[in-house]
Amino acid sequence: MKKLLAILIAAAMMFALTGCFGGSSNAIKDATSDEEAEAVKAADFEKDFDGLQDYLLTKGYIFSRDGNGDSLTTDIYYDIIGADNGIRYYFTDKKTFVEIYDYSTAKNDTAKSILEDIKEDGKFKAISGGDELTAVISKSGKYVIAYNANNKYSYEKITDELENW
């Protein structure tokens, strides 16, 4: 009787844990299919900071929520690098991230310095002694996408899209 009870409890725990860890309900979706991504056109989005985020989200290149509805975004101190606005999108590992900065009207010395650093070698440091981030400037020069390059995520698709902004 004790063995049967132990087996039933173990089976119940297995099903409970499968619900917590298994399935796709808790996982961030992988990038949209190529056909779905091709159907999304940049021309359908506003050419501003919010439009860029909406476009990248719709294409499946960045993600805003996990399966539990928990936010995978965080506000960042964009003003320390002279930007008008900024946001960080984390991925499921909570280590890999993409930051999007808005330099639409930023004309201060800090903004100029950061943008020059990115133009020179595709990298910048937000704070002295901090990590160096890889970054790309949009065609218009108004937006920057930065990311931590020490990971396995491919950013080519995201940075190619900056041609539209």
(message) Quick check on my link table: of K47/K119; K94/K123; K94/K125; K41/K142; K59/K112; K41/K112, which ones sit more than 28 Å apart, alpha carbon to alpha carbon?
(response) K59/K112; K41/K112
(request) Net charge near A111: determine it from the other residues with C-beta under 13 Å of the C-beta of A111, scoring Lys and Arg +1 and Asp and Glu -1. (result) -2
(message) Probe radius 1.4 Å, ligands and nucleic acids left out: which of L72, L57 has the largest accessible area, and how do the rest follow?
(response) L57, L72
(request) Quick one: plug the Kirkwood hydrodynamic radius of region 93-165 (C-alpha pairs) into Stokes-Einstein at 10 °C, 1.306 mPa s, and report D in µm²/s. (result) 125 µm²/s
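The values are calculated or read from the model by the stated rules, or taken from the named source; none is laboratory data. Since the structure is predicted, the reported quantities are computational estimates derived from the model, not experimental observations. Positions of Cβ are backbone-derived with ideal geometry, glycine not excepted, and every protein chain shown enters the neighbour counts. Only protein heavy atoms, including side chains, enter the accessible area calculation; ligands, DNA and RNA are left aside. Shrake-Rupley method; radii C 1.70, N 1.55, O 1.52, S 1.80 Å.
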